[in-house]
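Worksheet for the structure shown next.
Bear in mind that the values in this text are calculations on the coordinates, not laboratory data. Everything numeric here is computed off the predicted structure, so don't read it as measured data.
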Amino acid sequence: MSENEARHRCGGDLDEPHVPSGMSRRTLLRGAVVGGGALAAGGLVLPTSAYAVPAIYNPFAAYAITGPWDPPNHNGVDFGMAVGTSLPACAAGTIENIPYNGTGGHTVTIHHADGYRSQYMHLSKFLLANGTYVAAGKVVGLSGGAAGADGAGNSTGPHLHWHVINPNGVRVNPLSFGSTPPPVQGEGLTLQKIAGAGGYTGPLDGVPGTHTWLGVQQVMKGYGYTGPIDGAPGGNTYAALQRLAQKGGYGGPIDGVMGTNSWKGVQTVLRRFGYTGPIDGAPGSNTWAALQRLAKLGGYTGPADGVLGSLSWKGVQKVLTGYGYTGPIDGAPGTGTYAALQRMARLGGYTGPIDGVPGTHTWAALAKLV
C-alpha cells in the first residue's frame, strides 16, 4: 500500500476532543489536581494525577500492521482486523465517543492521566457511554473500516487506526509503548505492597499508578547497601535503613547510627507491612515483626515473631541491595522494572525466564512474598 493509499484508507486527521460544557480544553487535556482521584465537569469524569506518562500498552500486538507510523503522511498505526473485532483499552481512562469524526469515522477517545489521550478510529460500534471509566484491557468498542460502511470515515478496508496524543496535543507513535498488559487487581495489590518498601503510601486498591511504580522501582534499585548478605547488620545495613526511613519522613543524616527519628521513619514505612504500633522511634517486637514481613521480599521464610535473627537480617539486606534494576526511578515501568520483579519472584519459587514479561507464574511467586 502506498503512502497516499495509507492516508486515504485511514483518514482520521481530526483528533480534537469534544470539550464538555463547563470544562476548558486545557483542563480536559492536563487535569487540574496533582495526586489521585478524578475531576468531574460537564458530566465527564476525568482521571487526574502527577504529570507522567500513563501505563500504556499495545493490546494489538497480535495483528498485522497494515499502515505503519510514517509522519507526516500517516500519524498513527493501522492494524488489519476483521470488522467487529473487540478493542481493549490500551490504558485506564475515561471514555469519550465521537460519532462521524470526519475522515476518522466513529472514534473512541480514552482520556488517560496527565493529559494523554488514545484514539481508536473507524469503529463499527461504540460499547460504552461517555464518561465511563475503564481499566486497561476493558473492551471499549468494535472495529470497522469496511469501505462505505456507517462510521468508517474515509477507510477503504477493514482495520483499526490507533494513535496516542500527548498533553501538548501532538500525536506520538503508540508502538513506543510496551506490549505487556498492566497488572490486574490481584497483581496490582501485590505490587502496591511491595511498593510500600519503596515509600509508596497511597491506597491498596489494586490499581497501580505512577506512585506505586515509583515505590516498586525504588525497591528494585535498592537503598545503597553494598555490604555482604551475612545476616549481621552493621553500619552499612543501618545506613541503608536510614535511606529507607527517608521514605517515611526521616530527614536526618545517613550515618549508620539509628536514632529515634531514624526508627520513626522506618516505622512509618512498615505500616505497609502490618505495623500498627505508635510512631515513637522506639522499636519493639511489633516493629521487628513488620521488618520481618519486609524481609520476605528478600527471601526470609521464617516467622514474623518480632525476634530478628540472622535469617531475618539477610532478607532485609537483600531488599536493601535491590534486584539488579538500573533504570530510572520515573514511575513508568519498562522491561528493566519487570525483569527485576522476576528476579525477586525467584524468591517465591518462580523458575521462568528473566525476560521482562511477567506472566501468571511471576505474579503468583511475588504474591507468596507479600
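The HN-Hα couplings worked out from phi for the range 245-255 by the Karplus form 6.51 cos²θ - 1.76 cosθ + 1.60 (θ = phi - 60°) are 5, 4, 5, x, x, 5, x, x, x, 9, 10 Hz, whole numbers, x standing for Gly and Pro.
Close amide H partners of Asn130, meaning residues 5 or more places away or on another chain with modelled amide H under 5 Å apart, are Asn97. In this structure, the amide hydrogen of Val172, modeled 1.01 Å from its nitrogen in the peptide plane, lies closer than 5 angstrom to those of Val164, Ile165, Asn166, counting only residues at least 5 positions away or on a different chain. Computed from backbone phi, the HN-Hα couplings of the range 71-77 come to x, x, 5, 8, 8, x, 10 Hz, rounded to whole numbers (Karplus: 6.51 cos²θ - 1.76 cosθ + 1.60, θ = phi - 60°; Gly and Pro given as x).
Between their Cα atoms, which of Lys314/Lys368; Lys138/Lys221; Lys125/Lys193; Lys138/Lys247 are more than 28 Å away from each other?
Violating the 28 Å Cα-Cα cut-off are Lys138/Lys221; Lys125/Lys193; Lys138/Lys247.
Using θ = phi - 60° in the Karplus curve 6.51 cos²θ - 1.76 cosθ + 1.60, the 3J(HN,Hα) couplings for the range 194-206 round to 4, 4, x, 6, x, x, 5, 10, x, x, 8, 10, x Hz; x is entered for Gly and Pro. Projected onto their three principal axes, the Cα atoms of the range 231-289 cover extents of 27, 26, 17 Å, largest first.
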